Structures are given as C-alpha cells and as structure tokens.
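Peer 1: Handing you a structure now.
The values are calculated or read from the model by the stated rules, or taken from the named source; none is laboratory data. Just so it is clear, the structure is predicted and the values come from calculations on it, not from any experiment. Because the Cβ atoms are built from the backbone with ideal geometry, glycine has one as well, and the counts that use them run over all protein chains shown.
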Amino acid sequence: MNPRPIDLNADMAERADEAGWAADAQLLEVVTSANVACGGHAGDAETMGRACAAAAALGVRVGAHPGYADREGFGRVELGLPVDEVLDQVAGQLEALEEAAGGEGAAVTHVKPHGALYHRAATDRELAAGLAGLIASTDRSLAVLTQPGSALAEEAAALGLSTAAEGFADRAYTSEGLLVPRGEAGSVLEPQEAVAQALMLAREGRLVSADGVAIEAVADSICVHGDTPGAIALAAQIRQALAGEGIEVRAFA
C-alpha cells in the first residue's frame, strides 16, 4: 500500500526587504502551499502581490495567513483582544489578500491563522466559532489549515468547511500535543530532528513530545516556518526525505 501524499507548507511574505523576498522565492520552489502574511503581523500590498504571482507561476497554492495587527510583537504575543475586534482585523486581512491575489491571477485556497491567533483559536471556542463563521461568510470554498483536534478545526467542520490537519516539522511539542512556547529552550528543533519529525508525521501519523511522550498526530500538511534558521535548506531536505520514502508531496485536497 502506498503511503498517503502530504502537503508541505511555509509561511511567507513576512519581510519587505529583498533578502526576505529572495528567501521566499527559494521556498516557493520547494513547498506546495504558501501561507501569505496579509497585513496584520507582517505584509503589505507589494509583498502579497509578489508572493501570489510567484506562487501562481509555480503552481503553489496560496493561503491567507492572518494574525493580530501587532507588528512589534510579530503577532506572536497574545493580546487578549475581544473576539469582535479580532474578527474585524482578520476580515480586513482576508479582503486585502483576496484583492492582491486577484490582481495577479491567483486564487486564495485556504486560511491558516498566525502565531498567537493560531494558538488561541485552538482552545478559545468563542474565537474559533467566530473565525470559522467569518471564513464561511467570506468564501465557503476556503479550507482551514489548523492543528488537528483544535477548537478551530471542530468549528470549521461543523460549518461544513474543509479542514486540513497541520503538523510542524521544526517545532517541539508538549505531551498535550501543543507547541512548546518559543521562549523555552529546545522549542525550535535542529535540522536533523526536524527531518525525523516530518518523516514520523508523514509515515506513522505520530510524533514524540519534548518529554518523550508518543502522540497521535495525523497530518495532511507539514509546516516549515519561513523564519526558522536555514528554512530553505530544511524544507528541501524534508522534501527529499519524503520522496526517499515514496511519499508524494502535493497540495492537500
């Protein structure tokens, strides 16, 4: 029996300088889905347009990567904003990316929240329901890329939205199946560890937490963070390792 195919995704358009763009362009040569920062934690009309045009040219799927409108904290600080305020921010970001993508002949296919918003939506039922409702009212064809078993995954599925389960190659997990906070030692895995974790997710549908607990973790898509040191080389190593195991890398259905 052939192993199931898997998507390889990366977050991008998070830097406005030429070095950032060059890195994104190289990542787009490797990944099958791109999560484009759309003006909250990072990104502007130019970076969105460039990313969408390049992704479309390479057949890479374009996803919205909305986050808290907090550039100083890069969207990774939990702000505790009221749900309505968060939804207003996200709605504006989705609209901005749809406009940028449309101008480049690209289509937005999925939504993956960023940073603190991603983590809050995993457990905050009110926010998760609000985000799912917003996505459904924006475009019911949009898939939701999020942590399996999260509140957002459940609320999106309840509204009939497509969902894709995400696993992280380059991040350590707690025994509860959550990501180890970035401020803690060992939260970002070394390249060899990241490749091994990606293979375990793809082949076995499981991973091992930082404290040695085996966790079921079936993934439709594996993420490599664009700002992880050596992200381009790491993504290429992961794709090569997956191919070596006979695992097809392609955008999730």
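Peer 1: Taking helices (runs of 4 or more DSSP H) that do not extend beyond region 59-159, which have at least 1 residues that are over 19 Å from the mean Cα position of the chain (by Cα) and of a type in the set (Gly, Ala, Ser)?
Peer 2: 83-103, 125-138, 151-158
Peer 1: Can you tell me which condition Gly20 does not meet? The list is (1) part of a helix (DSSP H, G or I); (2) surrounded by fewer than 19 Cβ atoms within 10 Å (Cβ to Cβ); (3) at pLDDT 95 or above, and all the others hold.
Peer 2: Only one criterion in (1) part of a helix (DSSP H, G or I); (2) surrounded by fewer than 19 Cβ atoms within 10 Å (Cβ to Cβ); (3) at pLDDT 95 or above is unmet by Gly20, namely (3).
Peer 1: Of all strands (runs of 3 or more DSSP E) completely enclosed by region 183-249, which ones contain at least 3 residues that are over 19 Å from the mean Cα position of the chain (by Cα)?
Peer 2: 214-216
Peer 1: Could you give me the residue pairs with C-beta distances under 6 Å whose first residue belongs to region 1-24 and is over 21 Å from Gln237 (Cβ atoms), whose second residue is of a type in the set (Ser, Thr, Tyr) wherever it lies, and which are 6+ apart or on separate chains?
Peer 2: Within 6 Å, the pairs are Ala13/Thr47; Ala16/Thr47.
Peer 1: Given (1) more than 22 Å from Gly115 (Cα to Cα); (2) without any contact (Cβ under 8 Å) to a residue 24 or more places away in the chain, where does Ala233 come up short, assuming only one miss?
Peer 2: Result: Ala233 fails condition (2) only.
Peer 1: Let me ask something else. So Ser141 fits all but one of (1) within 24 Å of Leu58 (Cα to Cα); (2) of a type outside the set (Asp, Glu); (3) out of contact with any Cys (no Cβ under 9 Å at 6 or more places or on another chain); (4) surrounded by 15 or more Cβ atoms within 10 Å (Cβ to Cβ); what number is the exception?
Peer 2: (4)
Peer 1: Is there a residue in region 28-38 that is surrounded by fewer than 22 Cβ atoms within 10 Å (Cβ to Cβ), outside any strand (DSSP E or B), in contact with a Gly (Cβ under 6 Å, 6 or more places away or on another chain) and at pLDDT 95 or above?
Peer 2: Checked against the condition, which is being surrounded by fewer than 22 Cβ atoms within 10 Å (Cβ to Cβ), outside any strand (DSSP E or B), in contact with a Gly (Cβ under 6 Å, 6 or more places away or on another chain) and at pLDDT 95 or above, region 28-38 yields no hits at all.
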